[in-house]
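Contents: one structure, followed by commentary.
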Amino acid sequence: MKKTAFCAIHEKVGAKMVPFAGFYMPVQYEGLLIEHETVRKSLGVFDVSHMGEIWVKGPHALEFVQWVTSNDASVLTDGKVQYSCFPNGKGGIVDDLLVYRINAETYLLVVNASNIEKDWNWISSQNKMNAVLYNASDEISQLAIQGPLALKAMQKLTDTPIMDMEYYTFKKVTFAGIKDVIFATTGYTGAGGCEIYFANEDAEKVWNAVFEAGAEFGIKPIGLGARDTLRLEMGYCLYGNDIDDTTSPIEAGLGWITKFTDAKDFIDKDVLLAQKKNGVARKLVGFEMIDKGIARHGYDIVDADGKVIGVVTSGSPSPSLKISIGMGYVPTALAKVGSEIYISIRDKKILAKVVKLPFYKG
């Protein structure tokens, strides 16, 4: 079981620790509901150092990124970030990721913790243009400081203006006295804020500075439990639940990160283009429970006759909305907003309806 550079701090402040993606991680501190609300209303800090970081460098860096990812990285300029996915050569998804353009010959790929080795093996096998690849995952720590007050608090720690940064951009800054920290206005909560990358050896210094800067705003450490409810309220996909090697980005509603331009050739381009043109048999939808019940990952979705038509990929009570919500794949005919579906809970049909994402409108 791997440990992040913050593990001792989590234990010291009383976090409930659990195995997650091969790491020993905090699932909650004070409790999921208070942590969720803290991020929505003020600011909270997630240790996301388990995420993977892979550098792509050299004169063929862009050509490589274009081939292995579905989005069009050629539109990126220095300091821009892009959400994308790795198609798997069979119409499915190896992983979803963020692509950072440092400069014309340097890109940073940020991938999911559970897929680091899988992603590395996959992209290495696809490196026909001999880009320079380097897996820096074990060297880099990452904190996500999320919430409407996050940038205001973090501005105290850098002389570089950050409060007016556009969404999905980044700067290299001196942060808490540490040079070349990557400061990105990205996140997985829909609450605003930033994600910062730095060397493992600076972890404790950064953690202490962040909490000191945020103290007047009520900053709290936040666990994986609230991270999941926050992302679900936004309708953000979780790899291994809502997307995987058997789901296509078109089915998953990720057509917006799948770009079919003449200048871009990429893995599965023809397969995915055919899906976009001809349609798909199923789609990922968001739904709200109408009858009382909580939809959980793996529960069957059924029709009025009780016939299984799909599966719940994510589900939970929504702390912000005070209703039960979920996502799952259903036949395209039932993917329209307002469609009635049923969740099979203990052999009972519990009514739900398809709604437009995100669930939480802020």
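All of the numbers you see were taken from the coordinates with simple rules; none came from a lab. Values in this document were obtained by computation on a predicted structure and should not be read as measured data. Glycine gets a Cβ as well: all are built from the backbone with ideal geometry, and neighbour counts include every protein chain shown.
Do you know the relative contact order of segment 52-135, to the nearest whole percent, from alpha carbon pairs under 8 angstrom that are 6+ apart?
Reported relative contact order: 40 percent.
Percent of Cα-Cα pairs more than 23 Å apart in segment 52-135, please.
The proportion of pairs with Cα distances above 23 Å equals 9 percent.
Counting other C-beta atoms within 10 Å, which of S324, S316 has the fewest, and how do the rest follow?
S316, S324
List residues of segment 59-102, by number, whose backbone nitrogen lies under 13 Å from a label position 7 Å along Cα→C-beta of K276.
70-73
What dipole magnitude, in Debye to the nearest 20, does segment 314-362 give about its Cα centre under +1 on Lys/Arg Cβ and -1 on Asp/Glu Cβ?
120
According to a simple spin-label model (label point 7 Å from Cα along Cα-to-Cβ), what is the distance in nm between K179 and D159?
1.3
Just want to confirm a number: the relative contact order over the chain, from Cα pairs under 8 angstrom separated by 6+ residues, in percent.
Across the chain, relative contact order equals 17 percent.
Need one number: nm distance between label points at N200 and K322, each 7 Å from Cα along Cα→Cβ, rounded to one decimal.
Reported label-point gap for N200 and K322 is 4.6 nm.
First select every other residue whose beta carbon is under 12 angstrom from the beta carbon of S74; then total the charges, Lys and Arg +1, Asp and Glu -1.
Cβ neighbours under 12 Å give a net charge of 0.
Under unit Cβ charges (Lys, Arg +1; Asp, Glu -1), what dipole magnitude, rounded to 20 debye, does segment 52-135 have relative to its Cα centre?
Dipole about the Cα centre, nearest 20: 120 debye.
In what order do M327, M25, M129 fall by count of nearby beta-carbon atoms within 10 Å, going from fewest to most?
M129, M327, M25
Based on the Cβ-Cβ distance of A8 and I34, what FRET efficiency does E = 1/(1 + (r/R0)^6) give at R0 = 25 Å, to the nearest 0.05?
0.60
Going by how many other Cβ atoms sit within 10 Å of their own, how do R101, R282 line up, fewest first?
Arranged by neighbour count, lowest to highest, R101, R282 become R282, R101.
Whole angstrom only: what separates the Cα centroid of segment 57-90 from the Cα centroid of segment 249-304?
Here the two parts' Cα centres lie 21 Å apart.
Where a ≥ b ≥ c are the square roots of the eigenvalues of the C-alpha gyration tensor, would you call the chain rounded, which needs a/c under 1.5, or, failing that, prolate if a/b is larger than b/c, or oblate?
oblate
According to a simple spin-label model (label point 7 Å from Cα along Cα-to-Cβ), what is the distance in nm between K152 and Y167?
2.0
Quick check: net charge around Q126, other residues with Cβ under 14 Å of its Cβ, Lys/Arg +1 and Asp/Glu -1?
Once positives and negatives cancel, what remains is -1.
Which loop-located chymotrypsin sites (Phe, Trp or Tyr not before Pro) does segment 118-186 contain, where loop means any DSSP state but H, G, I, E or B and the Cβ has at most 10 other Cβ atoms within 10 Å?
Counting only loop positions with at most 10 other Cβ atoms within 10 Å, the chymotrypsin sites (Phe, Trp or Tyr not before Pro) in segment 118-186 are Y167.
Given +1 on the Cβ of Lys and Arg, -1 on the Cβ of Asp and Glu, and no further charges, what dipole in debye does the chain carry about its Cα centre, rounded to the nearest 20?
So the dipole magnitude of the chain works out to roughly 860 debye.
Please report the net charge: other residues with Cβ closer than 13 Å to the Cβ of G362, K and R +1, D and E -1.
Every neighbour counted, the sum reads +2.
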